[in-house]
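Undergrad: Below you will find the structure I want to go over with you.
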Amino acid sequence: MHEQAYRWKCKKIREQVSVIDGKKAPTILLTNATYLNVQLKTWMTANIWIHEDRIVYVGDELPANTKNTEVVNCESFYLVPGYIEPHVHPFQLYNPLSFAQYASKLGTTTFVNDNLMLTLQMTKKKAFTFIEKMNKSAATMYWWCRFDAQTEIKNEEQIFSNPNMKSWLDHPLVMQGGELTSWPKLMAGDDMILQWVQEAKARRKPVEGHFPGASEKTLTKMQLLGIHSDHEAMTGADVIKRVSQGYHASLRYSSIRPDLPLILEELEASGVHYYDQTFFNTDGSTPSFYESGVIDRTIAIALDKGVPTIEAYRMASYNAARHFSIDALHGSIAPGRIANINFLKAKEEPTPVSVLSKGIWVTRENTPNAKAFPEQDWNSLGLEPLKLDWELSIDDLQFSMALGMEMVNEVIIKPYTITVDVSVDRLSTRHDESFLMLIDRAGKWRVNTIIKGFGTHVQGFASSYSNTGDIVLIGKDKEAMLKAFQQMKELGGGMVLVEDDEIICDIPLPLAGGMSNCDMEELMKQETELRNQLFARGYSFNDPIYTLLFLSSTHLPYIRITPRGIYDVMNKTVLFPSIMR
């Protein structure tokens, strides 16, 4: 049995029970607490006893033994369960720990994280060591089990093998299968994916779908195939369609799909006031989007749109916990639950002034506790700075392909016929076409094409942040692109913008070339500066970070640049293969 399988060992449970008998004192006593009872859907008053990381009693009694107990009078607060983020992409420039540290100060204390980066860039053993280490912080971190790479890679069968998928699903910190971006393969008869869905169900772990714009027939088929939830509803009608078929619907408010306000307006207008099968998510937004909150922000939106107060808090906690079958530990203030509690000044103010997470004060009267999240030795966890032991030369920057990639928005890209002369070393700023290159992080292959829509005046830009972990170069000027690459290399990974032989701005990403090791507040400043510089140079959409992430993502139409080459998503074919260097 895996050591993570039991939250508390028998000796510890006996110790917790002895608190009730007065043989041991609770570590924290919350008196005169008005708290939300999510089961009864009502506000109640009680004394709450906490022993270390567990709530051991909620009721009228006071403990007989209070030796060394911290006593907190809660008569001026409203207490609600810690919020749950059920759909986290924790590698969006930030890292899982920096995101959790920031979000927990705002009341979100439990996270269900995407494991894609771990699967693609770590051995299984290192990945499991990593997720277990992350869960030793003040936050609670659970994980997904991805069934596909979300792009075209050359060794997918080895990475997403039957033994690997079973091992991930067996891990007690893994809460779900998916998100299933490869659902068309499942629909078309891929029995291996169906087997993994069945394996997840056998372990009572739900499988999350990825069904934007899905028809009623498609949703019905996916329900029969074993999918439990979906976070791609974009309207109130989408939510009703999913819930009526038995799905749990995760309502999204993200940097590229801020759909939540419209969804809630339409749900309220529809007369369907059933929220038990819904919860909130922010879908791995880019750092600056979180300046005004995480799940606390979604609650505020729900309250503003007329969702009843108690339902809004249940959607942020209990509903998600029940979906993942972890409601015996999370989502309520009740005996036996982990001590994740938010202290609010008013019922209508979901951003807490104090937060307990695992019985630890993450923030107290708006003052963060630095000790709740100690420094990490990232190198020991396999997240070292990127070491590129190869050089890039002007000979690699040869562009002769007739087919280019035209941006429709941040993430949708269509093919187009290149008409400008791309044999030159510097493209004109009178159009929005730029050189685009994807290079293997090991330096073994490259894919060269033209991208239309990224900007008119971006001379040289390099990024080690991408969906596959490979290197992206974009720009008008080949020498500027080489300089940006060299600076990115010296940083040990990151994003670099170069103009007129000067480094305009950069974002260091020393954790495996994809993540920052600084706190969220500093990262927000860096990202905002880069975005503004790109906007000033003709990037006309909203989120350049997502553009970089999704250049290789084959779950989106219509054409992608991948390690296998230029890929036609709709026809599932490689149009132009990658070139060996």
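The values are calculated or read from the model by the stated rules, or taken from the named source; none is laboratory data. On a predicted model such as this, the values are computed, not experimentally measured, just so you know. All Cβ positions, glycine included, derive from the backbone under ideal geometry; neighbour counts span all protein chains shown. Protein only, heavy atoms only, side chains kept; ligands, DNA and RNA dropped before computing areas. Shrake-Rupley method; radii C 1.70, N 1.55, O 1.52, S 1.80 Å.
Undergrad: Out of residues 5 or more away from TYR94 or on other chains, whose amide H comes under 5 Å of its own, with H placed 1.01 Å from N in the peptide plane?
TA: Result for TYR94 returns SER516.
Undergrad: Taking the Cα centroid of region 364-418 and of region 83-137, what is the distance between the two, rounded to the nearest whole Å?
TA: 17 Å
Undergrad: Okay, helix-only estimate at 222 nm for the chain: each DSSP H run of n ≥ 4 adds -39500 (n - 2.57), divide by all residues, round to 500 deg cm²/dmol; what do you get?
TA: Numbers: 17 runs with 159 residues, N = 581.
Dividing the helical sum by the residues of the chain leaves -8000 deg cm²/dmol.
Undergrad: Something else about it: Taking the Cβ-Cβ separation of THR129 and ASP425 as r and a Förster radius of 35 Å, what is the calculated FRET efficiency to the nearest 0.05?
TA: The formula returns an efficiency of 0.15 here.
Undergrad: List the relative contact order of region 108-163 as a percent without decimals, with contacts defined as Cα pairs under 8 Å and 6+ residues apart.
TA: Details: 45 pairs, mean separation 24.6, N = 56.
Reported relative contact order: 44 percent.
Undergrad: Okay, next question. Scan around ARG146 for amide H atoms under 5 Å from its own, H built in the peptide plane at 1.01 Å from N, and keep only partners 5 or more places away or cross-chain.
TA: ASN115, GLY178
Undergrad: Now for a different question. Evaluate region 369-459: find the radius of gyration of its Cα atoms, find its Kirkwood radius, and give the ratio Rg to Rh.
TA: On the way: Rg = 18.8 Å, Rh = 16.2 Å.
My calculation puts Rg/Rh at 1.16.
Undergrad: Considering amide H positions built from the backbone, and no H for Pro or chain starts, which residues 5 or more places from VAL71, or on another chain, come under 5 Å of its amide H?
TA: Correct list: LEU29.
Undergrad: Can I ask one more? What part of the accessible area of region 1-105, given as a whole %, is carbon or sulfur when the probe is 1.4 angstrom? Mind showing how you got there, number by number?
TA: Working: 2340 of 4830 Å².
Using a 1.4 Å probe with all protein chains present, region 1-105 comes out at 48 percent carbon and sulfur.
Undergrad: Of the beta bridges DSSP finds with both residues in region 1-104, what % are antiparallel, to the nearest 5? Intermediate values should be presented prior to the final figure.
TA: Values: 13 of 19 bridges.
In region 1-104, approximately 70 percent of DSSP beta bridges are antiparallel ones.
Undergrad: Rank by packing, highest mean first: peptides 21-30, 137-146, with packing defined as the count of other Cβ atoms within 10 Å averaged across residues. Present the calculation step by step, with values, prior to reporting the outcome.
TA: Details: 21-30: 18.1, 137-146: 24.3.
Those peptides, ordered most packed to least, come out 137-146, 21-30.
Undergrad: Tell me the carbon and sulfur percent of the accessible area for region 397-521, rounded to whole percent, probe radius 1.4 Å. Intermediate results must be reported in sequence, preceding the final value.
TA: Details: 1890 of 4200 Å².
Heavy-atom surface of region 397-521 belonging to carbon and sulfur, 1.4 Å probe: 45 percent.
Undergrad: Let me ask you something else. How much net charge surrounds PRO81 when only the other residues with a Cβ under 15 Å from the Cβ of PRO81 are counted, with Lys and Arg +1 and Asp and Glu -1?
TA: Details: positive: LYS41, ARG54, ARG314, ARG322, ARG337, LYS347, LYS358; negative: ASP53, GLU85, ASP296, GLU311, ASP327.
Summing Lys/Arg as +1 and Asp/Glu as -1 gives +2.
Undergrad: To continue, here is another question. Can you give the extra length, in nm with one decimal, that the chain gains between CYS505 and ASP60 once fully stretched, where that is 0.36 nm per residue apart less the Cα-Cα distance?
TA: Values: separation 445, 0.36 × 445 = 160.20 nm, distance 5.83 nm.
Here the segment from CYS505 to ASP60 would lengthen by 154.4 nm.
Undergrad: Report the residues of region 285-314 in range of a label on TRP43: point 7 Å along Cα→C-beta, backbone N strictly under 12 Å from it.
TA: The answer is 309-310, whose backbone nitrogens lie closer than 12 Å to the label point.
Undergrad: Enumerate the residues in region 137-171 having an amide nitrogen under 19 Å from the point lying 7 Å beyond the Cα of SER380 toward its Cβ.
TA: It comes to 137-139, nothing else.
Undergrad: Give me the extension gain from SER76 to ASP304: residue separation times 0.36 nm, minus the current Cα-Cα distance, reported in nm with one decimal.
TA: Working: separation 228, 0.36 × 228 = 82.08 nm, distance 2.33 nm.
So the chain would gain 79.7 nm between SER76 and ASP304.
Undergrad: In addition: Using the heavy atoms of the protein chains alone and a 1.4 angstrom probe, what is the accessible area of region 227-350 per residue in square angstrom? All intermediate terms of the calculation are to be shown ahead of the outcome.
TA: Values: 3600 Å² over 124 residues.
In whole numbers, region 227-350 has 29 Å² accessible per residue.
Undergrad: Rolling a 1.4 Å sphere over the protein heavy atoms, what is the accessible area per residue of region 445-505, to the nearest Å²?
TA: On the way: 1460 Å² over 61 residues.
Counting only protein heavy atoms, the per-residue value for region 445-505 is 24 Å².
Undergrad: Using the alpha-carbon centroid of each, what span in Å lies between region 186-261 and region 1-66?
TA: 36 Å
Undergrad: Here's another thing I want to ask about it. So what is the relative contact order of region 230-280, in percent, for Cα pairs below 8 Å that sit 6 or more residues apart? Present the calculation step by step, with values, prior to reporting the outcome.
TA: Details: 63 pairs, mean separation 21.0, N = 51.
Contact order relative to length: 41 percent.
Undergrad: Any idea how far apart GLU265 and GLN223 come out in nm if each label point goes 7 Å out from Cα toward Cβ?
TA: It works out to 2.9 nm between the two label points.
Undergrad: Here is a follow-up. Run through the DSSP bridge list for region 63-205 and note the antiparallel percent, rounded to the nearest 5. The partial results should precede the final answer.
TA: Details: 0 of 11 bridges.
So the antiparallel bridges amount to about 0 percent of the total.
Undergrad: Separate question: Taking only protein heavy atoms and a 1.4 Å probe, what accessible area per residue, in Å², does region 98-172 have with all protein chains in place?
TA: Values: 2320 Å² over 75 residues.
Roughly 31 Å² per residue, with all protein chains present.
Undergrad: Still on this structure, please answer the following. Pairing the Cα long axis of helix 10-20 with the longest principal axis of the chain, what angle in degrees results, from 0 to 90 and rounded to the nearest 10?
TA: 50 degrees
Undergrad: Can you work out ³J(HN,Hα) from phi for every residue in region 140-156, in order, using Karplus 6.51 cos²θ - 1.76 cosθ + 1.60 and θ = phi - 60°, giving whole Hz and x for Gly and Pro?
TA: Once rounded to whole Hz, the list reads 9, 10, 10, 9, 8, 10, 5, 9, 7, 8, 6, 7, 9, 10, 7, 10, 4.
Undergrad: Oh, and also: Using alpha-carbon positions, what is the distance between the centroids of region 479-516 and region 537-562, in Å?
TA: 19 Å
Undergrad: Using packing as a proxy for protection, rank 484-496, 434-446 so that the peptide with the highest average count of other Cβ atoms within 10 Å comes first. Before the final figure, lay out each step's value.
TA: Numbers: 484-496: 22.8, 434-446: 20.1.
Highest-to-lowest ranking by the protection proxy: 484-496, 434-446.
Undergrad: Here's something else I'd like to know. Relative to the longest principal axis of the chain, what angle (0 to 90°, nearest 10) does the C-alpha long axis of helix 191-202 take?
TA: The two axes meet at around 20 degrees.
Undergrad: Suppose we keep just the DSSP beta bridges with both residues in the chain; what percent of those would be antiparallel, to 5? Working shown, then result.
TA: Details: 68 of 99 bridges.
In the chain, approximately 70 percent of DSSP beta bridges are antiparallel ones.
Undergrad: Between ILE579 and ILE13, what is 0.36 nm times their sequence separation minus the Cα-Cα distance? Round to one decimal in nm. Please report the intermediate quantities before stating the final value.
TA: On the way: separation 566, 0.36 × 566 = 203.76 nm, distance 5.95 nm.
Contour length minus the Cα-Cα distance gives 197.8 nm.
Undergrad: Can you compute 3J(HN,Hα) from phi for each residue in region 529-540, using the Karplus curve 6.51 cos²θ - 1.76 cosθ + 1.60 with θ = phi - 60°, rounded to whole Hz and x for Gly and Pro?
TA: 4, 4, 4, 5, 5, 5, 4, 5, 9, x, 5, 9
Undergrad: Mind listing the phi-derived Karplus ³J(HN,Hα) values for region 178-185, rounded to whole Hz, using 6.51, -1.76 and 1.60 with θ = phi - 60°, and x for any glycine or proline?
TA: The phi angles translate into x, 5, 8, 6, 8, 4, x, 5 Hz.
Undergrad: Express the relative contact order of the chain as a whole percentage, based on alpha carbon pairs under 8 Å and six or more residues apart in sequence. Don't skip to the answer; put the middle values down first.
TA: Details: 1325 pairs, mean separation 80.7, N = 581.
Reported as a whole number, the value is 14 percent.
Undergrad: Which of the peptides 304-312, 97-105, 448-456 is most tightly packed, and how do the rest follow, judged by the mean count of other Cβ atoms within 10 Å per residue? It would help to have the intermediate numbers written out before the result.
TA: On the way: 304-312: 17.6, 97-105: 26.1, 448-456: 22.3.
For the peptides 304-312, 97-105, 448-456, the packing ranking is 97-105, 448-456, 304-312.
Undergrad: For region 131-208, which whole-number percentage of the solvent-accessible area (1.4 Å probe, protein heavy atoms only) is attributable to carbon and sulfur atoms?
TA: Working: 1330 of 2840 Å².
Roughly 47 percent of what the probe reaches on region 131-208 is carbon or sulfur.
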